1. Looking at segment A:31-46 only, could you name the residues that are in contact with a helix residue (DSSP H, G or I) (Cβ under 7 Å, 6 or more places away or on another chain) and surrounded by fewer than 21 Cβ atoms within 10 Å (Cβ to Cβ)?
2. Kindly evaluate residue B:82 against the criterion of being assigned by TED's automatic domain parsing to the domain that holds residue B:151 and either under 26 Å from residue B:203 (Cβ atoms) or assigned to a loop (DSSP other than H, G, I, E, B) (or both).
3. Please go through segment B:236-260 and pick out each residue that is modelled with pLDDT under 90 and either on the phi > 0 side of the Ramachandran plot or surrounded by 18 or more Cβ atoms within 10 Å (Cβ to Cβ) (or both).
4. What's the total number of residues in segment B:138-162 that are at pLDDT 85 or above, in a loop (DSSP other than H, G, I, E, B) and within 11 Å of chain A (Cβ to nearest Cβ)?
5. Looking at B:90, B:61, can you tell me which residue is part of a loop (DSSP other than H, G, I, E, B), buried (at least 24 other Cβ atoms within 10 Å of the Cβ) and modelled with pLDDT under 95?
6. How many residues are within 14 Å of chain B (Cβ to nearest Cβ) and more than 30 Å from residue A:255 (Cβ to Cβ) when one looks only at segment A:5-35?
7. With the requirement that a residue be more than 8 Å from every other protein chain (Cβ to nearest Cβ) and under 17 Å from residue B:48 (Cβ atoms), what does segment B:264-289 give you?
8. Find the residue count for segment A:33-60, including only residues that are closer than 22 Å to residue A:151 by Cβ and over 17 Å from the mean Cα position of the chain (by Cα).
């Protein structure tokens, strides 16, 4: 065991592409270790070159298979690809259900691919903040593509995928009604729509339904001038991935040139600022819990004060206690 | 149209059980209208008598059907039942997908049942805060049972179900692997497990799998002394609902008597305080965005400062600006 390696020692190793150093910095980001903040700030300063792709879709949409296959195809052009998978998992157990992403066995031995599952434990702000700090690690280490994969259910989870330059929403044929209803809520964030499993006989129905929805105004033109294309894929037959990579490149070029691209970059920065601030506040809350918070929450539990009074007391308490 | 009725005029009407007044106060809670806070504080002070039941489950688990059937059975004993449905919906469109909860048509003409779909738009803190204020409206209006139904995917969504006295997690046979993996993450929050659709031939497998998982320690004994029972139900055949109501009553009695119940009440109060404080902070952020935030986020977008520096600047800005 011994003394942990300081983050500023890990930093140059991570920048040089040392996977172990990168993984350790990601773990410290995830744990919210204050000692790691200067190193993470350095990584942020050196990042900004990767094409960040958010991929989201409802459970059963074939999202993880798409990520694996897309990564293999991107690798064929010699580019390095990082994958940050934000998995649903227990808010308590802290375990990441997908574990070591066993479906991605084809990729794990490739030195040009780095895969990280983020647990979704802890505060929501923490999940977004840590995931995007992990993206910075890959970006600063020179990975040309970073894929953020999140489950397309849950407001906090969907938000993270949107902190990407290009957002891909994956649909699939044959999902149940409940799933379809959830899907409708995320279609509009797509820069590119993928219909996976297009080898299935019912895929054409899914594609035409999606196109009809888009024509009715959902999800169209969310960048002012970008019309989100629909790309059918089949991981089984390897169909559609050339087109998908072309569309990703087209959208990347659009983002580099257009005002919409600059607006997106500003939006992502604003999102990071808010999520980091929320996370710092949450950490202060947790510290305050030992002191005044327990007395205030007891008064609230007894209904002697209202949630707003309790919340104001907490916010005032933070001001009084100041920054650690 | 005309001038909106002031919230303090709506308050006595809502307390008297006027559905229109209740609905309007819920809408104001959802909108986060500051004018409504004194009325919401009054409602909070008068609430605390209802048995609040959180029902969650993955998409396709038959959760909404369970809620409808359970409500019909509870109504048979003459108790009034409120339902707060926290639906997945777009973070942008603001629409609530399930709309008027058409599956609940049997219930909508019953004056002893109040159903409200909450949109999940806006800040996560706002969603939790507004949903629990809607619970207060029903509780203060004398509803004996309030059901909070949330989709069991997404950290923010699952958290809301836990702000209940009794948490029911719904499982179902025949769901895909992706869904099953998500399900595993929410099992441990259950006070009562329901296996729905037990008329299906593969239901016994689901029940025995669940019991095996529970015996292995997942989800068992999460109250210190309460062992979560497994209740098979079939809405098709009306099977299992007597047992479910018995278990809900048993758990309610346990919560009234045991130290675990008092701990739960304190936990719920703490959750409300935090979520309300996060929401107030988020509102301050949105106001600050007009001013310094835009300059700070531009510096962040240019990578001249780090997310932590931007976040601290924001927090300091809040302190300087003070409470509105």
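1. Narrowing segment A:31-46 to residues in contact with a helix residue (DSSP H, G or I) (Cβ under 7 Å, 6 or more places away or on another chain): A:32, A:35-44, A:46.
A:32, A:35, A:37, A:38, A:41, A:42, A:46, listed by residue number.
2. On the way: assigned by TED's automatic domain parsing to the domain that holds residue B:151: yes; either under 26 Å from residue B:203 (Cβ atoms) or assigned to a loop (DSSP other than H, G, I, E, B) (or both): no.
So residue B:82 fails the test.
3. Selection gives B:238 alone.
4. 1
5. Values: B:90 fails: buried (at least 24 other Cβ atoms within 10 Å of the Cβ).
Testing whether each residue is part of a loop (DSSP other than H, G, I, E, B), buried (at least 24 other Cβ atoms within 10 Å of the Cβ) and modelled with pLDDT under 95 leaves just B:61.
6. The total comes to 6.
7. The answer is B:264, B:267, B:271.
8. 1
The values are calculated or read from the model by the stated rules, or taken from the named source; none is laboratory data. These numbers were taken from a predicted model, which means no experiment stands behind them. Positions of Cβ are generated from backbone atoms using ideal geometry, with glycine treated the same way; all protein chains shown enter the neighbour counts.
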